[in-house]
Amino acid sequence: MTVPILRNLNELRAKHASWVRAGESVAVVPTMGALHAGHLSLVEAACIDCDRVVVTIFVNPRQFNNAADLANYPRTEHQDAEKLAGLDVDVIYVPDGSQIYPDGYATNVSVSGVSDVLEGEFRAGHFDGVATVVAKLFLQTGAHRAYFGQKDFQQLMVVKRMARDLDIPIEVIGCPTVREPSGLAMSSRNLRLSAEGLDRAAGLYPVMQQVAARLAGGEGFGPLADEARSKLEALGFADIEYFDLRCEDRLQLLQTPTRPGRLLVAAWMDGIRLIDNIEVPVLND
Ligand code: PAF
């Protein structure tokens, strides 16, 4: 069934009011479009949990720190709507820029701490852009629950902190990363890799898994990270921006996973910046 596309906040608010009057729960799945199976898994989770599901599609200029990256970001609204038609989605909200950043817009949402490391070091201003647009989408949709992929683990932490700090009454839910059969984490950016780049990028996940297994066996992270970086370079990754072990909640560096931790990586393949992360088992003393 075709899903109605709303482009205007007033229309969205009218829908939301009728749902709330009927006592229905509302989910939001914020996206920038170019939907793949990872996004669809978020939508499926939202459909199971909530009576009404809003998928938002907005390529948010404020979170791009590179004009070429923004210009090249895939825009596939028609195909996205077709993919969502197979699911139990109530509304696709595709605001134009003026619905999000009207003339005179002057407010920035900035989450310190978790935003400052990893992506924050390499993509200045990125998380301010994310936190700002997500705060707006939470408030515009009035959703009770929001669904994000763990693929962007730091984003998930930033959004959780922002919602808590601003008392936005929404539950932020992180869903597992969906991977290609090759192990490559699904991402809209994969569309820009050549067939050979896709093959080589698939080597990242096994390298991360080996490091996680060896950490669980008691090896220290330093030498494992050096070895992993060499393996990634041999696969053709250039500019490994970070290959870090960090605690899950505050994203502080760890040497051994004595508390819940994540291995987080950003590296370039064929001129495309890829990120991935996996959970690391906690090591008991
Ligand atoms: O993960 C994304 O696609 C974006 O960062 C989000 C959360 C939709 C905000 O623009």
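The values are calculated or read from the model by the stated rules, or taken from the named source; none is laboratory data. Just so it is clear, the model here is predicted, and its values are computed rather than measured. Cβ placement follows ideal geometry from the backbone for every residue including glycine, while neighbour counts extend to all protein chains displayed. These accessible areas exclude ligands, DNA and RNA; they are computed on the full protein's heavy atoms, side chains included. Shrake-Rupley method; radii C 1.70, N 1.55, O 1.52, S 1.80 Å.
Quick notes on this one:
- Here the stretch 127-285 is treated with +1 on each Lys and Arg Cβ and -1 on each Asp and Glu Cβ, and its dipole about the Cα centre works out to around 380 debye.
- For the options L166, L253, L70, a Gaussian network treatment of the chain with springs between C-alpha atoms closer than 10 Å singles out L166 as fluctuating the most.
- Gyration tensor verdict on the stretch 1-66 (Cα atoms; rounded if a/c is under 1.5, prolate if a/b is larger than b/c, oblate otherwise): oblate
- Most simply put, the chain has about 50% antiparallel DSSP beta bridges, counting only bridges with both residues inside it.
- Gyration tensor verdict on the stretch 40-182 (Cα atoms; rounded if a/c is under 1.5, prolate if a/b is larger than b/c, oblate otherwise): rounded
- The stretch 155-247: relative contact order as a whole-number percent, Cα under 8 Å and 6+ apart: 19 percent
- Relative contact order (percent, whole number), the chain, Cα cutoff 8 Å, 6+ residue spacing: 17 percent
- With every protein chain in place, the chain: carbon and sulfur % of accessible area (1.4 Å): 50 percent
- Using the rule -39500 (n - 2.57) for each DSSP H run of four or more residues, divided by the residues of the chain, the 222 nm mean residue ellipticity is -11500 deg cm²/dmol.
- Compared with the dominant Cα axis of the chain, that is its longest principal axis, helix 37-49 is turned about 60°.
- Cβ crowding within 10 Å averaged over residues, with 154-161, 182-189 ranked highest first: 154-161, 182-189
- A dipole drawn for the chain from +1 and -1 charges on Cβ atoms has a positive end, and of L12, L137, H126 the residue lying farthest that way is L12.
- At a probe radius of 1.4 angstrom, the accessible area of the chain per residue rounds to 45 square angstrom.
- Dipole of the chain, positive end: most advanced residue of I57, G104, M157 [Cβ charges, Cα centre]: G104
- Sparsely packed loop sites in the stretch 215-285 (the GluC sites (Glu not before Pro) outside DSSP H, G, I, E and B with at most 12 other Cβ atoms within 10 Å) do not occur.
- Rounded if a/c under 1.5, otherwise prolate or oblate - the stretch 143-222, Cα gyration tensor axes: oblate
- For the stretch 1-141, relative contact order (Cα pairs under 8 Å, six or more residues apart, normalised by length) works out to 34 percent.
- Backbone HN-Hα couplings from phi across the stretch 186-202 [Karplus 6.51/-1.76/1.60, Hz, Gly and Pro as x]: 5, 7, 4, 5, 4, 4, 9, 8, 6, 4, 5, x, 4, 4, 6, 5, 5
- Database remark: amide H of E241 closer than 5 angstrom to the amide H of A266, A267, W268 (H placed geometrically; neighbours at sequence offset of 5 or more, or on other chains; Pro and chain starts carry no H).
- The trypsin sites (Lys or Arg not before Pro) found in the stretch 198-274 that occupy coil by DSSP, while having at most 14 further C-beta atoms within 10 Å, are R250.
- Ordering M269, A212, S187 by the projection of their Cα atoms onto the charge dipole of the stretch 174-285, which places +1 on the Cβ of Lys and Arg and -1 on the Cβ of Asp and Glu, puts S187 at the extreme positive end.
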